[in-house]
Structure formats: C-alpha cells, structure tokens
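Undergrad: This is the structure, below, for whatever I ask next.
Rule-based calculations on the coordinates, nothing more; no lab input. Everything numeric here is computed off the predicted structure, so don't read it as measured data. Virtual Cβ from ideal backbone geometry, glycine too; neighbours counted across all protein chains shown.
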Amino acid sequence: METTQNLALPQDRYPITIVSLRVKKDSEIYRDEVIGVYEYVGTVVVKKTVVADGREIHEEVPTRRLVKEEWRSQFEGRIDKLNVSPGQTIADPKQILAVLVEPCGHPIQVRGICATCGKDLSIGDYMGNDMGRATINMAHDNRGVTVSRDVAEKLDKERSQRLLIAQKLTLILDLDQTVVHATVDPTVLQWMNDPQNPNQPFLKDVHKFEIPTYHTHYVKLRPGTREFLSAMNELYEMHIYTMGSRQYADQIAMILDPDRHLFKDRIISRDENRSNFKSIQRLFPSDQSMVVIVDDRSDIWRWSPNLYKILPFNFFVGTGDINAPRLPPSGPPRSGPVLPVSQLVAEPPDDDDEKSVEEKDLSDDVQHQFLDDLEKTRPLEKISEELEEEGDRNTDAMEVDTPAADSATDNVKPKTPTKELSPRRRTVLVDNDRELDRVTEILRNVHHTFYAEKAASGPAPPDVGEIMARQKKDVLRGVKIVFSGVIPSNLNPAQQDIWIGAEQFGAKCSVDLSDDVTHVVTVKQIGTNRTNKVRRARNMPGVFVVKPDWLYDSISRWERQEEEEYLLEEVCRGARLSLETGRAIYETGDDDEAILSGTWEHENDLFIKLGQDDIEAMDAEIEAALAEDDDSDEIDHDTQDTSFPDASQNTDADFDAFFEEGFAAFAEENESSDPPKEDEKRKAPEGER
C-alpha cells in the first residue's frame, strides 16, 4: 500500500539555505540516506579558556554561528517531487521541501508485523522503528491489531456513513449492574435446590456457568433486558464494554445473544482494555458524535457527555459489582442495606492509564482474591440469618388467638391463647426493577432528536453528546445545592463525582449557604449531631434537606424526583428571609423587571403603581389603627375623628362619597409631586423650565 510522505526539516532550523542536493526526481532512496546538505544560523556551545588570578577556567559559551547539517530521509521510497534547489533559502517551516512515495506506510500492524507487506517493524535503528506509525487499537479483541491515525479516521467515517444510511446510532452497553447482576455466592445454588425457600421463585431464571479453573457464576438478567435489547437493536448498533474478563464477557454474551445477531464480535473486556477506566476513544478514536453509552458507573467514564448513567441493578443483595475496578470511593454511599459499589469518582487518575503486563497480573490477582472472599463470606446467607433473627425477636412475645370449632355440635369453644411464631425463613431477594423501561424511552428520544436535528441542519450531522448534554441540563435547572457532611473536608469538592454530576445535570453547587440555595444534600443527622449548615437550613423556608439518593435518582432517571420521599428534615414554611439582612426576599416577576427597565405598560395607572414600600406603609397604618381600636370596644363620639364617617349614622352612599373624595385628594397630591411631562415642558415659559 503506497503512502505519500511530505518531507521537511525541524522547525527550529529555519530559515535554511540549501547548499547541495544528492538526489533528483524519481531517485530511489533508503531510510537514513542523505538527500542533501543545508545550512542555518544556530546556537552552538563553544569551549573557552579564561585565565583569572593565575588559574585557567574552562567555560562553555553559547554562540550563534552558521551551521551545516545533512538532510537525511526518515523513510524509504521514491522521490516524487523535489521542490528546492541549491542556493535557495526557505523561511517558512510549513513549506514542503520534497514528496516521497513509500512502497508501504505500514498503516495496519499486528503485534509489530505490518499486515500489508509483512515487514517486522520491531527491528529499528538509531532513528527508531516504524511501530509508532500505527498505535491506535480499535479492535474489540486482544489480537494486537493497531492502525494509523489516517486509517482510524477513515474507518470512523465509513462507520458513520453506514449508520446514517441505516438511520442508526452506536450504543456502548455495560454488563454488570446495568443489564445483569452476577455473584459467586454458593448460597444461590442452595436456594435454587430448595423448593421450601421463599427466595426460590425469584431464582428460576438465574443462569449458571463455570469458567475453567475459576468460580461458578450465577447471573440474573435485569427485568426487561431482552425487550430492551430488541428495541435498541432497531435504533442502535450495539457494543459490549465490560470490566469483566474475556471469558466472563463471552459467557454473558452467549446468554444475552445466543444467535450473535445483536453484538456479533463487538465485545471488549478488561483483557483488551488494560485500564481501570473506560474510554470512548478506545473504540472510536476520531469521531464520537454518534455514540451513546449506558453504564451504572460514571466515574470510570470520567462523566462523558455521551453517558446515560442507569441506576445500579442489585439483585443479589450484598454482592455489588463483582467486576468493578477496586477504586477508592470519594463520596457517600447510597442509603439502604445493600453493600454498595462506589457511586462516585475515584482519585484523579494518572496521566498514563495504560497498565503494564505486571500491573494487569496484579489486578487479576486482586480480582481473584475478591471473588474468593465473596465465595467464603456468603453475604446472602448472612443477610438471611440476620432477617430471621430479627423476625424471631419481633415474634417471641406475640400471641395469636386461634378459635377451635366443635365438629359435633358446631359450637365454638372458648378461645384459648396459643403462641404462634412467624416462619423463620424470610424473603431476601426482590425482583421488581423496571429501570430499563425508562432507559428505553430516553434512548428513543435521543435517537429521534438526533435525526430530527440532522434533517434540519443539512449534510453535517449533529453531535449526540451535545444533544444529551442539553437534555441533562434541563433536569436540575434552577436548583442550587449545598453539600453537608457528604464530601470530606480535605478534598476539593468541585473535583468530586457528586458535585460534577449535579452540575452536569443543570444544578449550581456551593460550599456555603446563601439566599438562593434550594437544596441541602446531606446524610441522616440527629439532634445536636446536625451540622451547622443543616441547622440553619431547617429554618430557611422552602429549602429541602434531602438524602444523596435524591440526587443520584434524579441523575439516573433524567428527571427531578419529588423531594418528599427523600426528606431528612421538615420543610420550613413562610416568607424567605435574607441571610445577610434578615429581611424578606420577594421573587421578582415580569412586571417587576419591566418596572426596573422603565417599560411597564401600567406606568401611568395610579392604583397599580403602588409598590411594595407603599403596601408596607399601608399595612403599618392599619395595624396602628387596629391597635388603637383594641383599647376600647365602644366609640367615644366626643373624641371621634369627624373626618371619618360614623358607621352608626351614615349610609353606604355616604361611605362611597367619603372614599371618592379621599382618592381624588391623593391623586391630586401625587400629580403635583410628579416631574412635569415632556408636553408640559414644551408649553412652559423658558424661565420656568
């Protein structure tokens, strides 16, 4: 596969002057062969000897001088164009000096061997080797196939065109706690074989498989998984991206897609990923504009805008994600009895995420040890025993009256109290998850929006990441959150996953309470153990003090959840007071904004023009009048204000006349205090203006 290479010199050499050329057009040259000689003014180090106090001091002094160098070729091939000649000076580093055609550019390689010409590219010289010319791994397997940037861009472009014609997008799908939940707890098999166990009905559709020299796995599909995959297959080209091993991924794929028509070979596991983090560029290095991700973990994707974070599926209580990278959490767990997998981002990753073979082996050892411990501790059995003990404690003192009927006389005998214990076996498993129904509708909406915008925008397709980012922003728009007791004080809150997630979904976050705070997200606090922020927020009308689950569920469901189910404190009612002034805060509406800008349509309407200060003054007068009336229940006609009509001697007509006179006087006074209008200014004599 011939490849064209544009030849130039290092930018720090310019301007350069060509001294001589040793090749001509159509010359065949080898790698490292001399093309010509050039010169430039450069900095060289000159050694000088200085005598001081009778001693010789040797110094290296940078000096600017004319330098000559050989121009050597980095590639092997034929000179197709020669754009310079001896004596010519070139000042622009971007100018192409020559064009060389390689017989093969080695754009596709398999473990260091060129897939086109078969050359072993691992053998190099002082200039290096050609393995670095194809470093992008786009394959789903670990066969070591890498491609060049040009080939990667070409493949991405072809994929995008194929999807556009089919009216599809790309969907990257996680496995564990997204569409399946797996465990190695042997308690599952014990319950499956026990018809008397109350958990047995929930285990009828649990799949079992063994990995050679490994553990026996029990896998439960999330309710609605097959319907979800069938619906998504109509709209998306689906890929599996899991942190499980290749053997584990293949086994799950056989359960989900036995006919291999949903995923085909589009499966990537931790064996190929070789990192504790997932990357969309791992599969689509140059174009991610049509890619949607569904995963229960946002941290390992570094909150990619293309991500839909689904609520984790926890069927086998106490297990969590058996294939999760063992990363330390950076925030609070979700509430509940389930032993949680981290919901939050880990410490910021190193710049180089790629693990060496030794690091991968260490990670596998940690994974094996985790599964060994899980198999020995049997969390399901422990939780079941705890529930039975709790049930026994609650029923030890309970007595149930059981009436006994006389079969001969059909008369009821006197009731005798008998002690009856509740069954020891209790249900641990629950199978009512329907999150995939919600995800189906959201992904349908994303697909519809993408192609609707494409139809409106023309040939350039929109970016699905931007579409999803806009939709996320609407979820918590208008919400301002303060975290209390959630983020460790020694960490930068703005770098924590819970903070990043809230802002990505439209909320504003702050470390301090302010007048515009709407939510305080905290953990359960009692009495004097409440933090200062929580104590103050309890007295701020309209502020919701909620559990972190409110934020997690709002993010996972792409819908702001009703706060009532997550409240930790009763919401304070009443007028909102400013934390700085202590005065009431009044929200401004459209009329208020128009008044401030001078565009209010009722500017000349006297009665509507009354402002908040006028209303407060009127309220004060009324309160003062009522306070005076409270001194006596009877009217003293000798001291009564005669300007106000006596209710005992006047009719309704008299009251109407009185108030009309009062409003007329008020209007006249108001007009006299207003500045003259433009028409009046023009009519007034010059000296009165």
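Undergrad: Describe numerically, in nm with one decimal, the distance between label points set 7 Å from Cα along Cα→Cβ at Asn490 and at Glu570.
TA: 3.9
Undergrad: Assign one of three labels to region 477-583, namely rounded, prolate or oblate, based on the Cα gyration tensor with a ≥ b ≥ c the square roots of its eigenvalues; rounded applies when a/c is under 1.5, prolate when it is not and a/b is larger than b/c, and oblate otherwise.
TA: Rounded shape, in that the Cα axes give a/c under 1.5.
Undergrad: At 1.306 mPa s and 10 °C, plugging the Kirkwood radius over alpha-carbon pairs of region 98-151 into Stokes-Einstein gives what diffusion coefficient in µm²/s?
TA: Stokes-Einstein gives a translational diffusion coefficient of 137 µm²/s.
Undergrad: Let me ask something else about it. Out of residues 5 or more away from Thr216 or on other chains, whose amide H comes under 5 Å of its own, with H placed 1.01 Å from N in the peptide plane?
TA: none
Undergrad: Okay, moving on. Nearest-5 percent of antiparallel DSSP beta bridges in region 457-579?
TA: Counting only bridges with both partners in region 457-579, antiparallel ones make up about 10 percent.
Undergrad: Subtracting the Cα-Cα distance from 0.36 nm times the residue separation, let me have the gained length for Ser27 to Val51 in nm, one decimal.
TA: Working it through step by step, the gained length comes to 3.2 nm.
Undergrad: Under 10 °C and 1.306 mPa s, how fast does region 53-194 diffuse according to Stokes-Einstein, given a Kirkwood radius computed over C-alpha pairs? Answer in µm²/s, whole number.
TA: Value of D from the Cα-based Kirkwood radius: 72 µm²/s.
Undergrad: If the chain between Thr377 and Val101 were fully stretched, how many nm would it gain, using 0.36 nm times the residue separation less the Cα-Cα distance?
TA: Extending this stretch completely gives an extra 92.9 nm.
Undergrad: A further question on this structure: Dividing the alpha-carbon radius of gyration of region 3-103 by 2.2 N^0.38 Å (N being the number of residues), what value is obtained?
TA: 1.44
Undergrad: Among the trypsin sites (Lys or Arg not before Pro) within region 213-269, which fall in a DSSP loop and have no more than 15 other Cβ atoms within 10 Å of their own Cβ?
TA: Those that pass, being in a loop and sparsely packed, are Arg260, Lys264.
Undergrad: When you count, for each residue, the other Cβ atoms within 10 Å and take the mean per peptide, how do 270-282, 291-303 rank with the highest first?
TA: With the highest mean Cβ count within 10 Å placed first, the list reads 291-303, 270-282.
Undergrad: Rank these for me by crowding, Thr528, Thr135, Thr170, going from fewest to most other beta carbons within 10 Å.
TA: Thr528, Thr135, Thr170
Undergrad: Ranked by Cβ crowding within 10 angstrom, fewest neighbours first, how are Ile240, Ile123 ordered?
TA: The order, fewest Cβ neighbours first, is Ile123, Ile240.
Undergrad: With a cap of 15 neighbouring Cβ atoms within 10 Å, and only residues DSSP puts in a loop, list the chymotrypsin sites (Phe, Trp or Tyr not before Pro) found in region 24-122.
TA: Sites meeting the loop and neighbour criteria: Tyr30.
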